[in-house]
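*Asks:* Next up is a structure, given as structure tokens.
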Amino acid sequence: MGSLITQMQQAGRLADDVAAELRAALADEQRAESGDRTLAAEIMGYLGAVLVVVAIVLVIGSRWSAWDSITRQGVLVTVALALLIAALLIGSFNDTRRRLAGVLGAVAIVPAAAWPAVALLPPWDERVWPAMAVAVSLWSYSRARTMLGVASMAISSAIAVGIWISVVQLEPPRALLGAGFILLGFLWLVLGSLTVVTESETAAVAGSALVLIGSQLPITDNFDYPAYGIAGVVAAVLIYSYLTWYRRMPVLGAGIMGLGLVSGESVFKLTGGNVFGAAMGLLAAGAVMVFLSVRLMRSAPTPSSAQAAQ
């Protein structure tokens, strides 16, 4: 088609501006077709990977009880290495390959973590398999940085913290587990703010969720006022973090949600369950704050008006 346009232009049958418009339209059409093929290839890659993984799971599940420990370990290691090698070969040269490699790397966490759980005796199985899950998730993310990779690292690290605390202290109090989640959550926020994790919004969601869950765990263990106070302080720190160094809406949302939960829990504790009067007071206070917020936002100068005033 491009050569035909050139021939017609040289023969004087097409004006130069018309030929340029036709070439631009042809280029747009070719780009659209290329994008459609790329999208179809990506979807086929995802479906193929899912079918392969499902088939492997079914095969392993049907033969698992008949295998001895060595065979089970060999199968798990083989599957994990195959997935990791496939992710490495696919690479991250473009977004499509990066996303597909991220999926394969995330799937590889399961057989890789299952290997020490099968190979080692208690208590070493519980000490090692979470570390293996974290290590594989970190490696996979380093090869292909995706939101799924961030989620895999966050989940693996949270599971590891919970299991390692239980290994150190049998039946640990939820306050100790909550403290571990709070520290881990703020670590994720720091990593996101320093762009060590490039998906900063996903890191904010993971960190804020861990901090919020951790602040609520002591309350579920002991419905006492010190637990409410700690949860309120943690929520305030989240809001302060949003205002000062990590302006991501999940951080602010988790802080506000934390204060809301603490307010409701405290009122319920103070009133002994007879919360109607206190709830009406909270409703009135919240409505006044929303009204004042709207008034402040409307009265705040816009950037254009501020520049005009200058």
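*Asks:* Quick one: count up the residues across region 59-73 that are in a helix (DSSP H, G or I), surrounded by 13 or more Cβ atoms within 10 Å (Cβ to Cβ) and modelled with pLDDT of 85 or more.
*Replies:* Total satisfying the criteria: 2.
*Asks:* While we're here: So if I check each of I56, I85, which one is open to solvent by 60 Å² or more (accessible area, probe 1.4 Å), of a type in the set (A, V, I, L, M, F, W, C) and part of a helix (DSSP H, G or I)? Reasoning before the result, please.
*Replies:* Values: I56 fails: open to solvent by 60 Å² or more (accessible area, probe 1.4 Å).
Within the list I56, I85, the selection yields I85.
*Asks:* Restrict the check to region 115-128 and report whether at least one residue is within 25 Å of V196 (Cβ to Cβ) and part of a helix (DSSP H, G or I).
*Replies:* The initial filter retains those residues of region 115-128 that are within 25 Å of V196 (Cβ to Cβ), namely none.
Within region 115-128 (the criterion being within 25 Å of V196 (Cβ to Cβ) and part of a helix (DSSP H, G or I)), the answer is no, since none of the residues qualifies.
*Asks:* Restricted to region 97-113, and to residues that are open to solvent by less than 50 Å² (accessible area, probe 1.4 Å) and touching a Lys or Arg at 6+ places or on another chain (Cβ under 9 Å), which residue is nearest to W67 (Cα to Cα)? So that I can check it myself, show each step before the final result.
*Replies:* Kept after step one, since they are open to solvent by less than 50 Å² (accessible area, probe 1.4 Å), are these residues of region 97-113: 100-109, 111-113.
Checking the rest, the ones that are also touching a Lys or Arg at 6+ places or on another chain (Cβ under 9 Å) come to 101-102, 105.
Numbers: A101: 30, G102: 31, G105: 26 Å.
Within region 97-113, the match that is nearest to W67 (Cα to Cα) is G105.
*Asks:* From the set of residues in region 154-172 that are in contact (Cβ under 8 Å) with a residue 24 or more places away in the chain and under 15 Å from the mean Cα position of the chain (by Cα), which is most open to solvent (accessible area, probe 1.4 Å)?
*Replies:* Once the filter is applied, the top-ranked residue is I159.
*Asks:* Go through (1) assigned to a helix (DSSP H, G or I); (2) among the hydroxyl-bearing types (S, T, Y); (3) surrounded by fewer than 16 Cβ atoms within 10 Å (Cβ to Cβ) one by one and return the number of the condition T198 breaks.
*Replies:* The number of the failed condition is (1).
*Asks:* Okay, moving on. Working carefully through the options A209, A175, A179, find the one that is in contact with an Asp or Glu (Cβ under 7 Å, 6 or more places away or on another chain) and open to solvent by 20 Å² or more (accessible area, probe 1.4 Å). Break it down into steps so the answer makes sense when it comes.
*Replies:* Numbers: A209 fails: in contact with an Asp or Glu (Cβ under 7 Å, 6 or more places away or on another chain); A179 fails: in contact with an Asp or Glu (Cβ under 7 Å, 6 or more places away or on another chain).
Sole residue among the options that is in contact with an Asp or Glu (Cβ under 7 Å, 6 or more places away or on another chain) and open to solvent by 20 Å² or more (accessible area, probe 1.4 Å): A175.
*Asks:* Just one of the numbered conditions (1) out of contact with any Leu (no Cβ under 6 Å at 6 or more places or on another chain); (2) in a helix (DSSP H, G or I) is not true of R145; which one?
*Replies:* It is condition (2) that R145 fails.
*Asks:* Any residue that is at pLDDT below 90 and at positive phi - is there at least one of those in region 82-91?
*Replies:* Checked region 82-91: at least one residue is at pLDDT below 90 and at positive phi.
The values are calculated or read from the model by the stated rules, or taken from the named source; none is laboratory data. Being a predicted model, the structure only gives us computed values, none of them experimental. All Cβ positions, even for glycine, are placed from backbone atoms using ideal geometry, and neighbour counts span all protein chains on display. These area figures cover heavy atoms from the full protein model, side chains too; ligands, DNA and RNA do not enter into them. Shrake-Rupley method; radii C 1.70, N 1.55, O 1.52, S 1.80 Å.
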